[in-house]
2 protein chains.
Amino acid sequence: MTKPIFEKLALIGSGLIGSSIAHAARAQGVVRTIVATARSEKTRQRVKELGFADEVAADNIAAVKDADLVIVCIPVGQSGAVAQEIGPHLKAGAIVSDVGSVKGSVLRDMAPFLPKNVHFVPAHPVAGTENSGPDSGFAELFVNRWCILTPPADADAAAVERLALFWRTLGAKVESMSAEHHDLVLAITSHVPHLIAYTIVGTADELGEVTQSEVLQFSAGGFRDFTRIAASDPTMWRDVFLANREAVLEMLGRFNEDLSALTRAMRSGDGDVLFEHFTRTRAIRRGIVQIGQDSAAPDFGRTHPTLTEAKKD
Amino acid sequence: MTKPIFEKLALIGSGLIGSSIAHAARAQGVVRTIVATARSEKTRQRVKELGFADEVAADNIAAVKDADLVIVCIPVGQSGAVAQEIGPHLKAGAIVSDVGSVKGSVLRDMAPFLPKNVHFVPAHPVAGTENSGPDSGFAELFVNRWCILTPPADADAAAVERLALFWRTLGAKVESMSAEHHDLVLAITSHVPHLIAYTIVGTADELGEVTQSEVLQFSAGGFRDFTRIAASDPTMWRDVFLANREAVLEMLGRFNEDLSALTRAMRSGDGDVLFEHFTRTRAIRRGIVQIGQDSAAPDFGRTHPTLTEAKKD
């Protein structure tokens, strides 16, 4: 066990990320007490049953009282309203952070409502699953994943380092960059991939010539990989696209140019262009596996039933 | 063990699919002997070491001699040349099949070279991993996956059923359809998903503003899922896109329309359109999990190191 870095952690929101932080923080003994909030009575009841927080609150204002670390774990579209709500009730010297996938909008929406005597250090743990809600959290979610901090230029170095230590204790690797750069990096590594996955899954859903059941049956040809991403939380992702639209549009423009070039090669029968492109992209996969950001196991390590387990039809 | 359905199986090609068929056929005792071919001496040597075939041949003609099942397991662009080579040497009454991801072109390219006294039943097992070559094969690859047969209209029903039984014994579920319909179904469930994955991974690789190492580091935000598909065999996929270009272009047209619609919603700040779309696609994932075509485990069941295993930096 680590010596606690914070006395009281307030988690605004108890979804996948909030509940995972609670599980990991408790497992590592990195905070002394945890209060978690949820908007609906049903979710609060569930959080109590799951027991990952010492206290479950309906009221964000009550939750942040005396907290020396407040982490806002809700869709980014609500960050401003929550900052306005909790701002006047924050403890002097507290660190206020978040976990949003867009950082420019969070900085813009939250900063004006936070008092001068707290340290605002936005953060984004680049980790998740397609599930959401308090049941989906687990302590290992952040292990070996990156947590990006985007402290404002005038941020207190000691506060930034304290938050970085918190995330490292949860297993994450920590890097700092500007909010603007973060939003560009995530547009290409996360937001555009999600948008095209959401698109292709929708396209398949709408076809007349190919039935819905054929799409599902033959999904192991590649499509099923996209459906996992396209099963991500709709509210969270609606907010991400609205909050980071400039960077997403920019990266989408590049994607469309490249798609046109490959389409042209296909149409004109230029196999060399295709072969060369596909050889280059294969190498990128190897890079990701080498730095430990994915498993080397084929097919993501999906398991296969044995031949004897196979049902004969 | 099953009673052998075929005496001698000739596998033309010893890559992921050819070697997996050999492993599975042997494990199930579904054929008495297996001969596998490979073009390079190095691969033949490796196939001998791996031992999944009774005989390893350089010569396709020698391999098909006396074989009562011949399965062509090579990139679809080479199917015609191989049919021309082996056609005159096939045993009367033999079943000739393949595993190509495009069926119209295989039918067009192979049929003219096959004698009237053999049964040509093209097939496509919808299964695979991003790896290729004889080392990547394993017996369980086809378990609970679909194998699509596209027999010509005048195919012998008994021969089709015998091939279907072979695939079912390897663990696959079998369905028959026309080659034309197959190519449309696979365009949306496999080929277009591969093309857009190849595209986005290439786009990320070419950016000036976001470094290569940032793309790799922060890939857990979604991008890494695409890199697996974009690591698939370049020769195989070049041939797929050239052989199925009409259907791929048709489905790509639909994808582009849908991407434009979502982009417009994002640009104009229409969150309801995004939310509604994302809610619909989430349901499709559930359908795939329900019919057993993917795991219900979050994040494809990727494993996470424990907190104590996590390296602190």
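Computed from the coordinates by the stated procedures, all read-outs in this text should not be read as laboratory data. Please read these numbers as outputs of a predicted model, since none were measured by experiment. Using ideal geometry, Cβ is built from the backbone for each residue, glycine included, and neighbour counts are taken over all protein chains shown.
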Please give the length that would be gained between A:Q212 and A:E175 if that part of the chain were fully extended, namely 0.36 nm times their separation in residues minus their C-alpha to C-alpha distance (nm, one decimal). 9.0 nm
Highest GNM mean-square fluctuation, chain A, Cα pairs closer than 10 Å: which of A:N131, A:N117, A:N60? A:N117
Counting Lys and Arg as +1 and Asp and Glu as -1 over every other residue whose Cβ sits under 15 Å from the Cβ of A:A81, the net charge comes to -3
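Scanning chain A for trypsin sites (Lys or Arg not before Pro) in DSSP loops with at most 14 other Cβ atoms within 10 Å, what's the longest stretch left with none?
Looking at chain A, A:117-310 is the longest stretch - no exposed trypsin sites (Lys or Arg not before Pro) with at most 14 other Cβ atoms within 10 Å.
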Could you pull out every residue, at least 5 positions away or on a different chain, whose amide H is within less than 5 Å of the one on B:I5? Hs are placed 1.01 Å off N in the peptide plane, and Pro or chain starts have none. B:V31
Between B and A, which B residue has the Cβ nearest their rotation axis, distance in Å? B:F300, 2
Other-chain or far-sequence residues with amide H under 5 Å of A:V126's (modelled H): A:W146, A:C147, A:I148
When only DSSP loop residues count, what GluC sites (Glu not before Pro) in region B:112-218 have their Cβ near at most 15 other Cβ atoms within 10 Å? B:E209
Rounded to 5, percent antiparallel among DSSP beta bridges of the protein assembly as shown: 10 percent
Going toward the positive end of the dipole of the protein assembly as shown, with +1 on Lys and Arg Cβ and -1 on Asp and Glu Cβ, which of A:T37, B:V248, A:H119 do you reach last? A:T37
Out of all DSSP beta bridges in chain B, what portion is antiparallel? Express it as a percent rounded to 5. 10 percent
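When only Cα pairs under 8 Å and 6 or more residues apart are kept, what is the percent relative contact order across chain A?
After rounding, I find 15 percent.
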Quick one: Cα convex hull volume of region A:79-189, Å³ per residue? 115 Å³
Label-to-label distance, nm, for residues given as A:E7 and B:R108 (7 Å Cα→Cβ offset): 7.6 nm
So what does log10 I(q)/I(0) come out to for region A:181-269 at q = 0.25 Å⁻¹, using the Debye formula with one equal point on every Cα and no solvent? -1.19
What translational D, rounded to a whole number of µm²/s, comes out for the protein assembly as shown from Stokes-Einstein when the hydrodynamic radius is the Kirkwood one over Cα pairs, at 25 °C and 0.890 mPa s? 95 µm²/s
Lysine pair count for chain A [Cα-Cα under 26 Å; pairs on different chains or 8 or more apart]: 21
Region A:6-177, convex hull of Cα, quarter of hull surface, nm² -> 8.4 nm²
Quickly estimate the mean residue ellipticity at 222 nm for chain B, helices only: each DSSP H run with n ≥ 4 gives -39500 (n - 2.57), and the total goes over all residues, rounded to 500. -14000 deg cm²/dmol
